[in-house]
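What follows is calculated from the coordinates using simple rules that are stated; it is not laboratory data. Just so we're clear, the structure is a prediction, and the values are computed from it rather than from any experiment. All Cβ positions, glycine included, derive from the backbone under ideal geometry; neighbour counts span all protein chains shown.
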């Protein structure tokens with residue numbers, strides 16, 4: 001489906017990934033909007049190829065989106081799948097006015113193109129796929145409130161769950177799986193694998209790595225291998 005990742009592939013902690021994101025914007029001028037578009041496109045591609053048989057027309061997809069960058073990537077995936085003809089519903093952890101910056105921008109696009117967005121619970125109909133973009137590498141302890149409720153809702157669905165970057169409720173650095181946490185059939189992680197993903201493989205499922213445009217020179221600044229990773233494509237299987 002996707003080419004394998006190179007054997008020399010390093011992993012990063014949540015703190016290192018925060019530094020990658022900071023340097024992308026401050027040192028290289030790559031904006032969050034650009035990285036978010038890459039992330040959402042990768043999720044949509046894996047959704048199409050791995051779970052929806054290559055053709056998304058009429059397939060029911062529910063996207064769970066938090067207020068941060070992870071949620072913003074999920075909103076991009078929702079837009080792309082809806083543009084392809086999927087029947088997409090978005091469930092958010094907060095009302096629209098709680099979203100700011102780029103995630104708010106992505107949410108506004110969905111509103112304008114008519115994708116249904118709800119902040120008051122899940123739909124009753126069965127979904128062919130649930131996309132988990134509730135919480136990313138910034139997780140701090142067990143998910144609570146609306147985030148916890150959406151995670152439990154996802155785990156109760158009969159269809160598969162595809163997580164963005166890290167299954168919600170899993171610590172990206174240590175792999176600790178809190179109660180609740182998403183039990184994903186597959187995860188699309190971004191830029192580099194997070195160090196906790198191997199320890200949480202039961203929650204991660206099949207693992208894919210997506211290129212979000214990080215230059216090898218940035219990794220060199222962090223003391224990581226600076227060899228190009230995506231020589232065989234912008235989505236790799238781990």
Provide 57, 153 in ascending order of the number of other Cβ atoms located within 10 Å of each residue's Cβ, fewest first. 57, 153
Roughly what angle does helix 32-46 make with the longest principal axis of the chain, taking Cα atoms, 0 to 90 degrees, to the nearest 10? 70 degrees
Output the relative contact order of region 14-237, whole-number percent, from Cα pairs under 8 angstrom with separation of 6+ residues. 18 percent
With angles folded into 0 to 90 degrees, how steeply does helix 101-113 sit against the dominant principal axis of the chain? Use alpha carbons for both and round to 10. 40 degrees
So how far, in whole Å, is the C-alpha centre of region 90-104 from the one of region 144-204? 20 Å
If each residue of separation counts as 0.36 nm, what is the full-extension length gain between residue 49 and residue 217 once their alpha-carbon separation is subtracted? 57.3 nm
At a Förster distance of 41 Å, what's the computed FRET efficiency of residue 144 paired with residue 22, Cβ-Cβ distance as r, to 0.05? 0.95
Residue 155 paired with residue 105, simple spin-label distance in nm, labels 7 Å along Cα-to-beta-carbon: 3.5 nm
Ascending count of other beta-carbon atoms within 10 Å, so fewest first, for 38, 105, 181, 118: 118, 105, 38, 181
Going 7 Å from the Cα of residue 112 in the Cα-to-Cβ direction, what parts of region 60-77 have a backbone nitrogen less than 20 Å from that spot? 72-77
Of the listed values (1) 1.25; (2) 0.97; (3) 0.94, grab the one calculated as Rg/Rh (Cα atoms, Kirkwood Rh) from the structure here. (3)
Under 1.5 on a/c is rounded, so check that first for region 1-118, then, if it is not, pick prolate when a/b is larger than b/c and oblate when it is not; a ≥ b ≥ c are the square roots of the alpha carbon gyration tensor eigenvalues. oblate
Give the order of 174, 187 when sorted by the count of other beta carbons within 10 angstrom, beginning with the fewest. 174, 187
Along the Cα→Cβ direction, 7 angstrom out, place labels at residue 230 and residue 126. What is the inter-label distance in nm? 3.6 nm
Measure nothing fancy, just the Cα-based angle from helix 14-26's long axis to the longest principal axis of the chain, in degrees from 0 to 90, nearest 10. 80 degrees
